[in-house]
Amino acid sequence: MLHAIKTAFARRLKATILTGNNPTTTTNNLNHNKNKNNKNSEKRYDDAKSVAKHKKMSETVSKSSSNNSSTAPANNNGESTELIKTGWLLKWTNYLKGYQKRWFVLSNGVLSYYRNQAEMAQTCRGTISLHGALIHTVDSCTFVISNGGTQQFHIKAANEVERQSWVTAMELAKAKAIRAMESEEEEEDEATTAIASEELTNVVRELVLKLENLKTCYDLITKHGVALQRALTELETGDDLASKNKIVNERATLFRISSNAMINACTDYLQTAQTQGHRWTKMLQHERDQRLHLEEMVEQLARQHSHLEQAAHRQSARPLATGATSASDDDENEFFDAQEGASIASQEDQSFVIKIPLSTHRRNSNPDVTGSSSEGEEGSSETQQVLVVAENQDKLQAMDQTDRVSINSSTPLVTTPKAVKKRRTRVPEKPNYPLNLWSIIKNCIGKDLSKIPMPVNFNEPLSMLQRLAEDFEYAELLDKAAQCKDPCEQLAYVAAFTISSYSTTSNRTGKPFNPLLGETFECDRTDDLGWKLMSEQVSHHPPMAAQFCEGRGWRCWQEFTMTSKFRGKYIQVVPLGHAHVEFPATGNKYSWRKVTTTVHNIIVGKLWVDHHGDMEIVGLNNAEGIKCHLKYLPYSYFTRDTQRRVKGVVMDRSNQVKWVLNGTWDTKMELAPVTSTSGSIENPVYKTGNYKTIWTRRLPPEDCDRYYNFTTFACQLNEPEPDVAPTDSRCRPDQRLMENANWNESNVEKVRLEENQRARRRQREAEAEQAAAEGRPYPPYEPVWFEKKQEQGTDQLVHVFKEQYWDCKAKQDWSRCPDIFN
């Protein structure tokens, strides 16, 4: 009988413990659940407010759109945080088809187009990201979208109202895309950054408290379990079954309550541990990836070091040549030092092979060439191999010396009565501040450098506008080109000028200051060098600088923008803008784009800079059909070629080589005429006459490493001058503090200026959103000294110098200048 009662009670007790709810939960657990429910309610209230806000904005923009387009929430998952605009527009395709009707869709910061609405379920015809894109208005119905040269859409709307509606919607989408990318980067940085010590202490304290609760629950379960077991034992031996049954029920209830408390405590602890564990897992994975990346770089450096040691050992073990010796069978792995290679191969380097593209798309030849998404647009990749052979070297030295003296003469070609201003020849010495490089850049891999805040320890006390002005340190080459009668020879001197602009980078590894929007720089050197220059930062997203320079018989201008990526071991900079030079006396005009620049040994070793790639200088206007092809050879330890070498040819309208250029971008360039042609049409052989040196680099002072490796010309760029615009780079406080060796104060001032610029940008975005909500256009930012105009002979919109700056300087009228440094 007693055994049956015990069995039944045990089953009832087991069912109660496993399925029963705890009606007497402790006060602490009730408060915890109450607080948790309050937080969830607050979160749901905030989410509801956000959804209502975006829904109201969507309805406002929908009312302001035209009849043939629509604006609606973009996300089908309930997250109505993005806008979509769709409609029919006309897009330029090519000269045969002209403008064609296309269905456009604006979604998530990307503009896409299709042939019709039915194609939306398939693949789109083309897309362009609005993040970093430039939106230009051509006329009342036409606008252009460009992302810096690689893509360009020419679009025409039915009327001005529809055009303005699309432009306004795209400006808003661009601003939202920029904010979204910045927020994603901030979230990524927060997720991959180590937890602060205070936060880590709070998390550990919370986990310890929950473990103590678990221990308390365990003690209660043990206590009530022993009491329940004792009551069950007494139930077997006693006679008063009713009273003992009541005691067993009470003990079972207490045991169930303790068990439920234990379950709740375990659940709470598990939830906290999982939440923090997920975050720590992401941090651990990030650190593991960084460690693997660093190990790969170190392993690669070790292999290179081993190869260098082997090559050096073979070079030292090779006996000195006393006569004719046989060539080594392992020429591929021979090591040649840069300086020795230049002296040994100086005679051989004047004969070389160069591959020239047979036909390349002219930039701006039609609107659809620069856009890679238009239908049926592809450029030819065929090349022609040209052999250049040097001869008549007997008079080389005399010709070389004569021309070097004439080119390197610092006296102007035309005397001027204007007094020459005495300028400084050096800047204050660079202080020696320690810096943990890896702690700053380990989270910057794969990101755009223009969006990474860097301390001034990486900088040099010059802005990018001043650094671009260094391109004209050897502007006497353009003076010489202006005097040439032969357009091919003129182009050869222009090519030498483009090469000379890289000479100052051979030992300069400091990063220039990023100019603020509206920042300017003037450089008037008409008294000694015969030219004056004006530049302005005309765009912030993407960063773009416009520059105009005028000299003796020539005018030069450019739009400079670039993309830059940090790849762990090196930084790569790819210029996107074009530069132009024009000679008004002959009407000849030439255009080119700069080559890729790579900064090596970011983590380990000494920093050094290399330039590599192909540059094509194209003749325009009266020089139509003339071109120059330059080849910048990449630096390599395992080559017989001269390091930092540049070789190129100048071709006339019939694609015949007339002049040959040869040299290095950090030392000198030589020029030789073509005297005869032989070989086949596919592989011609050109023989040259005597080479003459048309440019030689002026070496910086011997102690320049003490002040940022500046040349004398670079030292004069940031020299204070009176009567300049208040937006001039010389007036920038953080840059001036750095030049005066006050780096800590400069870092503080740099953060302040950048934060003020971000505040001004947020204000413009808020005003644009308000204008869109009210259905009125919002004018984009306009530069002060440059304006957007259509380039002659093309549909490209470029920034053209207004030629009003020097008049305003003479009158000291700076009323139009914004206040960007305060």
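Take the alpha carbon gyration tensor of the stretch 109-153, find the square roots of its eigenvalues, order them as a ≥ b ≥ c, and report rounded if a/c is under 1.5; if not, report prolate when a/b exceeds b/c, else oblate. Write down the numbers at each step before the final one.
On the way: a/c = 2.75, a/b = 1.57, b/c = 1.75.
Verdict is oblate for the stretch 109-153.
Which shape class, rounded, prolate or oblate, goes with the stretch 530-643 when its Cα gyration tensor gives a ≥ b ≥ c as root eigenvalues, a/c under 1.5 marks rounded, and past that a/b bigger than b/c marks prolate? Before the final figure, lay out the partial values.
Details: a/c = 2.52, a/b = 1.53, b/c = 1.65.
Oblate.
Between His600 and Asp703, what FRET efficiency comes out of the Förster formula 1/(1 + (r/R0)^6) with R0 = 22 Å and r the beta carbon distance, rounded to 0.05?
On the way: r = 25 Å, r/R0 = 1.13.
In this case the efficiency is close to 0.30.
Gln122 to Leu301: FRET efficiency via 1/(1 + (r/R0)^6), r the Cβ-Cβ distance, R0 41 Å, to the nearest 0.05?
Details: r = 48 Å, r/R0 = 1.17.
Once the sixth-power term is evaluated, E becomes 0.30.
Each residue of the stretch 128-136 in turn: what ³J(HN,Hα) in whole Hz from Karplus with 6.51, -1.76, 1.60 and θ = phi - 60°, glycine and Pro shown as x?
9, 7, 7, 5, x, 7, 9, 10, 10
Considering only DSSP states other than H, G, I, E and B, which GluC sites (Glu not before Pro) in the stretch 715-814 qualify as loop sites with at most 11 other Cβ atoms within 10 Å?
Working: sites: Glu739, Glu745, Glu749, Glu754, Glu755, Glu765, Glu767, Glu769, Glu774, Glu787, Glu791, Glu803; in loops: Glu774, Glu791, Glu803.
Hits after loop and neighbour filter: Glu774, Glu803.
For the pairs Lys647/Lys750; Lys569/Lys692; Lys355/Lys485; Lys421/Lys480; Lys606/Lys687, note any where the Cα-Cα span goes beyond 32 Å. Each step should come with its number before you reach the end.
Working: Lys647/Lys750 42 Å; Lys569/Lys692 39 Å; Lys355/Lys485 28 Å; Lys421/Lys480 24 Å; Lys606/Lys687 41 Å.
Beyond 32 Å between Cα atoms: Lys647/Lys750; Lys569/Lys692; Lys606/Lys687.
From the phi angles alone, apply the Karplus equation (6.51, -1.76, 1.60; θ = phi - 60°) to the stretch 549-554 and give each ³J(HN,Hα) in whole Hz, x where the residue is Gly or Pro.
9, 10, x, 7, x, 8
For the stretch 632-727, just say rounded, prolate or oblate: build the C-alpha gyration tensor, square-root its eigenvalues into a ≥ b ≥ c, call rounded for a/c under 1.5, and beyond that prolate if a/b exceeds b/c, oblate if not. Working shown, then result.
On the way: a/c = 3.11, a/b = 2.04, b/c = 1.52.
Prolate, because a/c is 1.5 or more and a/b exceeds b/c.
At 0.36 nm per residue, and after removing the present C-alpha to C-alpha distance, how many nm does the segment from Leu292 to Thr675 gain when stretched out fully? List each step's numbers first, then the result.
Values: separation 383, 0.36 × 383 = 137.88 nm, distance 5.68 nm.
Extra length available between Leu292 and Thr675 comes to 132.2 nm.
Just by accessible area at a 1.4 angstrom probe, what is the order of Cys124, Cys523 from largest to smallest? Please report the intermediate quantities before stating the final value.
Working: Cys124 45, Cys523 5 Å².
Greatest to least solvent exposure: Cys124, Cys523.
When the Karplus curve 6.51 cos²θ - 1.76 cosθ + 1.60 is applied with θ = phi - 60°, which whole-Hz ³J(HN,Hα) does each residue of the stretch 288-298 get, with x for Gly and Pro?
So the Karplus estimates, Gly and Pro as x, are 5, 5, 5, 5, 5, 4, 5, 4, 5, 5, 5 Hz.
Taking a label point 7 Å from the Cα of Glu160 along the Cα→Cβ vector, which residues of the stretch 768-786 have an amide N closer than 15 Å to it?
776-779
What FRET efficiency, computed as 1/(1 + (r/R0)^6) with R0 = 25 Å and r the Cβ-Cβ distance, is obtained for Trp806 and Arg424, rounded to the nearest 0.05?
Details: r = 24 Å, r/R0 = 0.95.
Rounded to the nearest 0.05, the efficiency is 0.60.
Starting from the Cα-Cα distance between Ser636 and Val685, subtract it from 0.36 nm times their residue separation and give me the gain in nm to one decimal.
Values: separation 49, 0.36 × 49 = 17.64 nm, distance 2.71 nm.
My answer for the length gained is 14.9 nm.
Based on Cβ point charges of +1 for Lys and Arg and -1 for Asp and Glu, what charge dipole magnitude is obtained for the stretch 657-782 about its Cα centre, in debye rounded to the nearest 20?
Approximately 520 debye in magnitude.
Length gain on complete extension for the stretch Ser351 to Asn621, per 0.36 nm per residue less the alpha carbon to alpha carbon distance? Spell out each step's value before the answer.
Numbers: separation 270, 0.36 × 270 = 97.20 nm, distance 3.27 nm.
Extra length available between Ser351 and Asn621 comes to 93.9 nm.
How much accessible surface does Arg115 have with a 1.4 Å probe, in Å² rounded to 10?
Ignoring ligands and nucleic acids, Arg115 comes out at about 90 Å².
What are the trypsin sites (Lys or Arg not before Pro) within the stretch 570-644 that DSSP puts in a loop, where the Cβ has at most 15 other Cβ atoms within 10 Å? Don't skip to the end; give the middle numbers.
On the way: sites: Lys589, Arg593, Lys594, Lys606, Lys627, Lys631, Arg640, Arg644; in loops: Arg593, Lys594, Lys606, Arg640, Arg644.
Of the trypsin sites (Lys or Arg not before Pro), the ones in loops of the stretch 570-644 whose Cβ has at most 15 other Cβ atoms within 10 Å are Lys606, Arg640.
With every protein chain in place, what's the accessible area of Thr667 (1.4 Å probe, Å², nearest 10)?
Roughly 70 Å² of Thr667 is accessible to a 1.4 Å probe.
Taking the Cα centre of the stretch 724-822 as origin, work out the dipole magnitude from +1 charges on Lys and Arg Cβ and -1 charges on Asp and Glu Cβ, in debye rounded to 20. Write down the numbers at each step before the final one.
Details: 17 positive and 19 negative charges, 26 e Å.
Computed charge dipole of the stretch 724-822: roughly 120 debye.
Sequence gap at least 6, Cα distance under 8 Å: using those rules, report the relative contact order of the stretch 688-750 to the nearest whole percent.
Details: 30 pairs, mean separation 10.7, N = 63.
Contact order relative to length: 17 percent.
Which value, in Å² and to the nearest 10, is the accessible area of Tyr632 when all protein chains are kept and the probe is 1.4 Å?
Accessible area, nearest 10 Å²: 0 Å².
The values are calculated or read from the model by the stated rules, or taken from the named source; none is laboratory data. In this text the structure is predicted, and so the values were computed from the model without any measurement. Neighbour counts run over all protein chains shown; Cβ positions are idealised from the backbone, glycine included. When the accessible area is computed, the model is the full protein with side chains, heavy atoms only, and any ligands, DNA or RNA have been set aside. Shrake-Rupley method; radii C 1.70, N 1.55, O 1.52, S 1.80 Å.
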